[in-house]
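Every number here is computed from the coordinates shown, using simple stated rules; none is lab data. For clarity, every value in this text was computed on a predicted model and none was experimentally measured. A quick note on method: Cβ atoms are made from the backbone with ideal geometry, for glycine too, and the neighbour counts reach across all protein chains shown.
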Amino acid sequence: MNYKEEFMRIFQEKIQREGSQKLLDWMQTTDFFTAPASTRFHGACEGGLVLHSVNVYQVMMEKHFEEGKDQPESFAICALLHDLCKAQFYKVSSRNVKNEETGAWEKKPYYTVEDAFPFGHGEKSVFLIERFMRLKPAEAIAIRWHMGGFDEAAKGGSFAISNAWEKYPLAVKLHLADLESTYLREKHTSAVNK
């Protein structure tokens, strides 16, 4: 599957909100479609971020969409854009690794984080989206808290996440889809760990 083409198809079919085309145009000026999803875990490979975004959308639609209750556009926005904060976030570097077969040292590429705008993970995605397109409160909350217990505020003891999940089922659905995509569907998708 060509994940960029699938992303574009879903985005253009499902997201019709004012400003969405400007957002998509801006995204194409970034490395979003070639960036990894992480430095060494799921999707630590070229195109890993777009692969992850499409997977999250597929899981959300397959397992959590309730006809008549959920909005297809909101699902597409949350799934496809929850990790927009990772555009222009990683850079490729190299390090020396010993080849166990030959004993020789070889240069191997790996990803590092270079966060030029350290605004927080979910918060940064919401901020970047809202530069072009307004989010509904449930969408903003879902994207803000999609990291669940891995979020720095939650690790620090904030109870806001519990309140958000209680009030906004979309936030719970995005988090669950993100977890399943990351730990089940994208297992062994890291070039770094092969």
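Couple of notes before you dig in:
- Distance distribution P(r), the chain, all Cα-Cα pairs, bin width 5 angstrom from 0: 1, 8, 15, 20, 21, 15, 9, 5, 3, 2, 1, 0, 0 percent.
- Residue ranges 100-111, 21-32 sort as 21-32, 100-111 when ordered by packing (mean number of other C-beta atoms within 10 Å per residue, highest first).
- Loop-located trypsin sites (Lys or Arg not before Pro) in segment 33-100, at most 13 other Cβ atoms within 10 Å (DSSP): Arg40, Lys69
- Segment 16-96: GluC sites (Glu not before Pro) falling in loop per DSSP and having at most 12 other Cβ within 10 Å: Glu18, Glu66, Glu67
- The chain, helix-only ellipticity at 222 nm - DSSP H runs n ≥ 4, -39,500 (n - 2.57), divided by all residues, nearest 500: -12500 deg cm²/dmol
- Ordering Gly157, Gly68, Phe132 by the projection of their Cα atoms onto the charge dipole of the chain, which places +1 on the Cβ of Lys and Arg and -1 on the Cβ of Asp and Glu, puts Gly157 at the extreme positive end.
- Set of lysines near Lys136 by C-alpha distance (under 17 Å), chain-local residues within fewer than 8 positions excluded: Lys14, Lys69, Lys124, Lys167, Lys173
- FRET efficiency, Asn99 to Asp31 (Cβ-Cβ, R0 25 Å, nearest 0.05): 0.25
- Between Lys4 and Lys167, residue separation times 0.36 nm minus the direct Cα-Cα distance comes to 55.4 nm.
- Separation of the Thr39 and Glu67 label points, Cα + 7 Å toward Cβ, nm: 4.6 nm
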